[in-house]
Amino acid sequence: MRESELIDDLATRARVSRANAEAVVNALADLARDRARAGCALSLAEFTLAERPPVPAAPPAYVPGDREVDDLIAAATGHPLGLDFLLEGDLCAVATMFRTHAFTVDAARARLRERGATLG
């Protein structure tokens, strides 16, 4: 493999610019020459991580509390658009109107439907 092919392949695999890949190849070549002058071989094993750093866990999903859901249903009941808007309005619009999290809107909708709420 020619050097230009190596750089192109590295850039593609590492998803970096060709210039950054070329800088890495040049740095490794310099390191290999320095090690060779010192009578040591450059082993790629030196560059592998014995243990990769752990991938951070996703933060837990927001779960609204019962009081938040109750408060939202109460607010919608007293609002001119009413429960119909809470049940069927655009999720973002409902959350914005009542200044609450979209998950709270979903939970309130689920609770109302469990209670048999319908439109109209």
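Of the numbered criteria (1) at pLDDT below 95; (2) not in a loop (DSSP other than H, G, I, E, B), the one PRO59 fails is (2). Among the residues of the range 11-45, the ones that are touching a residue at least 12 places away in the same chain (Cβ under 8 Å) and in a helix (DSSP H, G or I) come to 5 in all.
Residue-by-condition table, conditions (1) at pLDDT below 85; (2) surrounded by 10 or more Cβ atoms within 10 Å (Cβ to Cβ):
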{"position": "LEU28", "(1), (2)": "yes, yes"}
{"position": "CYS40", "(1), (2)": "yes, yes"}
{"position": "ALA50", "(1), (2)": "yes, no"}
{"position": "ARG67", "(1), (2)": "no, no"}
{"position": "THR77", "(1), (2)": "no, yes"}
{"position": "LEU87", "(1), (2)": "no, yes"}
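Selection of the range 1-12 for residues being charged (D, E, K, R) and modelled with pLDDT under 85 yields ARG2, GLU3. For the condition within 22 Å of the chain's Cα centre (by Cα) and in a helix (DSSP H, G or I), ASP106 qualifies.
Of all residues in the range 89-103, exactly one satisfies the criterion of being surrounded by fewer than 11 Cβ atoms within 10 Å (Cβ to Cβ) and in a helix (DSSP H, G or I), namely CYS92.
The values are calculated or read from the model by the stated rules, or taken from the named source; none is laboratory data. Quantities reported herein were computed from a predicted structural model and do not represent experimental measurements. Note that each Cβ is placed from the backbone with ideal geometry, even for glycine, and that neighbours are counted across all protein chains shown.
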